[in-house]
Amino acid sequence: MLAVGEFGRARAIKVCAEAKPTIDQLYAKGGNHPMRNAIALAFASAIALVSVNASAATWPTSVVGVWHGYANTSDVVFTLITQKPTGKCPIVFGALTDNTYKTTGTLTGFYCPGSGRIVLLRKDGAGHVFQSFRGNLGQSSGNMTTLLTGRFVNYGQQAAFVEWPFSVEK
């Protein structure tokens, strides 16, 4: 705090002398203070914990395999057979079986391992697209179950287009 007036300099020195020093000022010559050490340890631990958690979970590099779950109210199985080996978002091929309505169809789409984004188009026996699935894979670590969730749309129905949820796991 700076005082102004005839005795400004003297008052400024007095005010500064009365100010309480900070912990860093008291222990600037290499001394240790329990509170400062505790804060530093807590901060370092938090950084290490965040770093471990951020690097431990990743999106799978491949979605090939059998995925079980539900699309709206139907019991479904996504069987993803092939994933092309190149590109940022490789092409994926497979089949979808609807156990509730006893139907099957082929799946074609792409999966982006860098973001977990996936898009699959379901085709009927004549090769016409009638459903579109858009979703994301969850990041997983170790032997955890991998989840794929999103929304799908039926095309070609009499009713207006409506999105429904789907969720499958592998």
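Coordinate-derived values only; no laboratory data. On a predicted model such as this, the values are computed, not experimentally measured, just so you know. As a convention, Cβ positions derive from the backbone with ideal geometry for all residues, glycine included, and neighbour counts pool all protein chains shown.
Annotation note: chymotrypsin sites (Phe, Trp or Tyr not before Pro) in the stretch 61-112 located in DSSP loop regions with a Cβ neighbour count of at most 16 within 10 Å are Tyr101. From the phi of every residue in the stretch 136-149, what ³J(HN,Hα) in whole Hz does the Karplus formula 6.51 cos²θ - 1.76 cosθ + 1.60 yield, where θ is phi - 60° and glycine or proline is x? Values per residue, Gly and Pro as x: 9, 8, x, 6, 9, 9, x, 9, 6, 5, 9, 9, 10, 10 Hz. Each Lys or Arg adds one and each Asp or Glu subtracts one; over the other residues with Cβ under 14 Å from the Cβ of Arg117, this totals +3. The phi torsions of the stretch 88-98, fed into the Karplus equation with coefficients 6.51, -1.76 and 1.60 and a -60° offset, translate into couplings of 5, 10, x, 6, 10, 10, x, 9, 10, 10, 9 Hz, rounded to whole numbers, with Gly and Pro shown as x.
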